[in-house]
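Report on one structure; see the data block that follows.
The values are calculated or read from the model by the stated rules, or taken from the named source; none is laboratory data. Since the structure is predicted, the reported quantities are computational estimates derived from the model, not experimental observations. Positions of Cβ are backbone-derived with ideal geometry, glycine not excepted, and every protein chain shown enters the neighbour counts. Side chains included, ligands, DNA and RNA excluded: accessible areas come from the protein's heavy atoms. Shrake-Rupley method; radii C 1.70, N 1.55, O 1.52, S 1.80 Å.
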Amino acid sequence: MPEEQIYQPKMSVNLAAVQENYDELCRHAPKQEICPVVKSNAYGLGAKEVTESLIKCGCRNFYVSTAQEGIHLRKHFPDIQINVLNGPHKSNLILFKKNALTPVINSMEQLRLWEKICSSSQTGCILNLETGFNRLGIKESEWPHFTKEKLKEYKVSLIMSHLSCASDVPEMADCKDEQRRKTVQEQNKKQFDTYQRALKHFGLPGSLALDAHLANTEQAPISQIRSGAALYGINVFPKVLNLSPVMTIEAPLLQIETIKKGDNVGYGATFQAEKDTKVAVLGIGYSHGIPRSLSNNGKVWFQDGDEFYSAPIIGRISMGLLNCDVTKVPQSALKKSKASLVNRRYTINDFCVDADRLDSEIMCCFNSMDLVYTNRLQREREKKISNITNIKKSCCQR
């Protein structure tokens, strides 16, 4: 098969890998319901396509952020449960009823809105409880309002919460900051304790995010696990989960030139060649979501068969271009006329460590690329060849 030529940046999403990751989560939590979070267009990967692939795995319960995201899914999938994390607003209340969207009630104000339509709505609702995050949620002082009669009237099916420090747990193993370690441990215990009081008070099943399940040393009962990042190959717990890489980002090679010792590259002349250097220009930049923090710091990859060759990014990344040093890259790889920035060898986790940026933040910023979906089954052990050894604290904080 001839080598594919590309003329602009391309992001490939392997839906079979998304399904593999779902299966991996099910193996780790066989007694819990795994509910995919497909908010923000499934972290930029395509909510419709990702949802469709997970429905084939048996998923019927999904989370989005807004009513508009829920409406988009409902147009394609009439029979799934769609939970809206941000809850209802007076301007969109009727949309919840019209599109059978399940609201997450985050405040007493939202509860009063829900009261107006709950008796005639096709769906029930979910209560989000404030347990110490101080972001969204019904406060513990307001819990007495929810008697058994009221819970039945409001059609409450589930309580949920969110932990602020669960994803910091892996970092604590090597953390030398005793105060930081103490803060994380105390915060997690405080929130788990409040969550367990909520289970007892409401008498309903509870939902937490995947990181809380993996950090659950308190053995708090969790009936439902919400997961977004892990399904898309972001692995905050690499020593626990065996996740498949989901995405590949490729860019066209536009030009190769040899610059002389002492020549500068890019805006601001931040790179100066210490010797004659072969420089390649790729047609991708920050307008496509590539963070400028990779300037003079990141790397791109050229491939020849199963061999990968790294090339350091040199100079500042500009809007639609970046330069890399390909002096050590063999001609057989360069003649493919493309390079990858994310691949099975150098996953989104590795990319974000080098960028010193949050992985899901970067994924939501990728844009202006050709988006291609595949269903290629992973070759045995292929998913474990990422060279990541440790995820920086700043890149795994959610």
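Hey, among ALA230, ALA220, ALA212, which residue is within 22 Å of CYS352 (Cβ to Cβ), without any contact (Cβ under 8 Å) to a residue 60 or more places away in the chain and hydrophobic (A, V, I, L, M, F, W, C)? Checking each option against the conditions leaves just ALA212. Does at least one position in region 183-198 carry a residue that is aliphatic (A, V, I, L, M), at pLDDT 95 or above and within 26 Å of LYS139 (Cβ to Cβ)? So far as region 183-198 goes, yes, one or more of its residues are aliphatic (A, V, I, L, M), at pLDDT 95 or above and within 26 Å of LYS139 (Cβ to Cβ).
Residues are listed down the side, and each one gets a yes or a no for (1) among the β-branched types (Val, Ile, Thr); (2) out of contact with any helix residue (DSSP H, G or I) (no Cβ under 9 Å at 6 or more places or on another chain); (3) open to solvent by less than 40 Å² (accessible area, probe 1.4 Å):
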site	(1), (2), (3)
LYS150	no, yes, no
GLU153	no, no, no
SER157	no, yes, no
SER161	no, no, yes
ASP174	no, yes, no
PHE192	no, no, yes
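Scanning region 92-113 for residues that are buried (at least 22 other Cβ atoms within 10 Å of the Cβ) and without any contact (Cβ under 8 Å) to a residue 24 or more places away in the chain yields PRO103, GLN110. Taking first residues from region 66-91 that are open to solvent by 50 Å² or more (accessible area, probe 1.4 Å) and partners that are among the small types (Gly, Ala, Ser), the Cβ contacts under 8 Å between residues at least 6 apart in sequence or on separate chains come to HIS72/ALA47; ASN86/SER65; ASN86/ALA67; HIS89/ALA67. For region 5-51, filtering for residues that are open to solvent by 30 Å² or more (accessible area, probe 1.4 Å), charged (D, E, K, R) and touching a residue at least 24 places away in the same chain (Cβ under 8 Å) leaves 6. When region 250-269 is filtered for residues that are over 32 Å from the mean Cα position of the chain (by Cα) and open to solvent by less than 70 Å² (accessible area, probe 1.4 Å), the ones remaining, listed by number, are ILE256, ILE259, GLY262, ASP263, VAL265, GLY268, ALA269. The C-beta contact set for region 140-162 (first residue touching a residue at least 12 places away in the same chain (Cβ under 8 Å) and on the phi > 0 side of the Ramachandran plot, second residue in a loop (DSSP other than H, G, I, E, B) and small (Gly, Ala, Ser), distance under 6 angstrom, 6+ apart or interchain) comprises LYS155/GLY124. Does SER119 satisfy the criteria of being open to solvent by 30 Å² or more (accessible area, probe 1.4 Å), over 27 Å from ALA47 (Cα atoms) and small (Gly, Ala, Ser)? Considered against the rule, which asks whether it is open to solvent by 30 Å² or more (accessible area, probe 1.4 Å), over 27 Å from ALA47 (Cα atoms) and small (Gly, Ala, Ser), SER119 comes out as yes.
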